[in-house]
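J.: Let me give you the structure first, and then I'll get to my questions.
The values are calculated or read from the model by the stated rules, or taken from the named source; none is laboratory data. Because the structure is predicted, anything quoted here is derived from the model rather than measured. Cβ: placed from backbone, ideal geometry, glycine included. Neighbour counts: every protein chain shown. Just the protein is used for accessible areas: all its heavy atoms, side chains included, with ligands, DNA and RNA removed. Shrake-Rupley method; radii C 1.70, N 1.55, O 1.52, S 1.80 Å.
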Amino acid sequence: MTTPAITSTQERRYLGRPVEIRAAADGGESRTIVFYASVYNTKSNLLNDGWEQFREIIAPGAFDEVLAQDTVCNRNHDDDSIIARTTAGNLRITSDNIGLRCEVDVPNTTAGNDLLEDIRVGNITQSSFCFQIAPEGDSWQWTEADGYTRTINKISRLWDVSMVVWPAYNEAGIAEQDARNNLQVASRSLKEFVEKQKPVIEPFDEVRAAELRLKFRKK
């Protein structure tokens, strides 16, 4: 299996939302599948890179600048199991009031036929996407009730959308190191946010301290 290495700018998110096979005009099953790779304004499960836990929200409009990009649809993010591509016309990606909607015409290939059968029998039910966040494209907040929450406001690159076996990090089948790599960009962003919240401590002023000692000695 050839899976591209995750770079320092790529992140993946997994969604526990069903992948469906569209019904054909005659009532049977077609070879077109429909799924949401991301849903807006919905808090994720707790994400954890080993340093701090946080939740994540994708804001409406986050994908506006990537809808026309060359994006592929894979099985489990594996380029050797490519299913469709926007530039080929058999992958159509749109943004609606729910989230990032993907419509795929599955080809009559080994990978395509295997995927359709796995969806039919329930082996594959979830979806995912691999992305690169834009500069200043996220924001953070902390509340006592929810802890840290990251809001993704703008994505600059959508690498792929995938049908996947496991929908969330740190579950069986997702290696711990993979989960940490997937979250490294978010981790850096969170650490920057935390650092900015720390109070500024002025350096100790020896001259001022000497003046105060002299002042109190005279009293």
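J.: Here are Asp80, Asp70: which of them is at pLDDT 95 or above, open to solvent by 30 Å² or more (accessible area, probe 1.4 Å) and more than 25 Å from Glu29 (Cβ to Cβ)?
T.: Asp70
J.: Another question, if that's okay. Take Asp49 and tell me if it is farther than 15 Å from Cys130 by Cα, modelled with pLDDT under 95 and buried (at least 19 other Cβ atoms within 10 Å of the Cβ).
T.: Working: farther than 15 Å from Cys130 by Cα: yes; modelled with pLDDT under 95: yes; buried (at least 19 other Cβ atoms within 10 Å of the Cβ): yes.
So Asp49 passes the test.
J.: Give the residue that is farthest from the chain's Cα centre (by Cα), with candidates limited to residues of region 96-135 that are loosely packed, with under 11 Cβ neighbours inside 10 Å and of a type outside the set (Val, Ile, Thr).
T.: Asn108
J.: Moving to a separate point now. Just need a number here: residues in region 21-46 that are open to solvent by 50 Å² or more (accessible area, probe 1.4 Å) and under 21 Å from the mean Cα position of the chain (by Cα). Steps first, please.
T.: Going through region 21-46, the residues open to solvent by 50 Å² or more (accessible area, probe 1.4 Å) turn out to be 22-23, 25-27, 29, 31, 41-43, 45-46.
Applying the additional criterion that residues be under 21 Å from the mean Cα position of the chain (by Cα) yields 41-43, 45-46.
So the answer is 5.
J.: Which numbered condition trips up Leu67, out of (1) of a type in the set (A, V, I, L, M); (2) closer than 18 Å to Asp138 by Cβ; (3) part of a loop (DSSP other than H, G, I, E, B)?
T.: Checking Leu67 against (1) of a type in the set (A, V, I, L, M); (2) closer than 18 Å to Asp138 by Cβ; (3) part of a loop (DSSP other than H, G, I, E, B), the one that fails is (2).
J.: Another one. Select from region 141-161 the residues that are among the aromatic types (Phe, Trp, Tyr) and buried (at least 17 other Cβ atoms within 10 Å of the Cβ) and write down the one among them that is modelled with the highest pLDDT. Give the steps one after another, and end with the answer.
T.: So the first thing to find is which residues in region 141-161 are among the aromatic types (Phe, Trp, Tyr), and the list is 142, 148, 159.
Okay, now just the ones that are also buried (at least 17 other Cβ atoms within 10 Å of the Cβ), so 148, 159.
Working: Tyr148: 87, Trp159: 93.
Top of the filtered list is Trp159.
J.: Here's another thing I want to ask about it. Given the structure, is Asp138 more than 12 Å from the chain's Cα centre (by Cα) and either of a type outside the set (A, V, I, L, M, F, W, C) or open to solvent by 50 Å² or more (accessible area, probe 1.4 Å) (or both)?
T.: So Asp138 fails the test.
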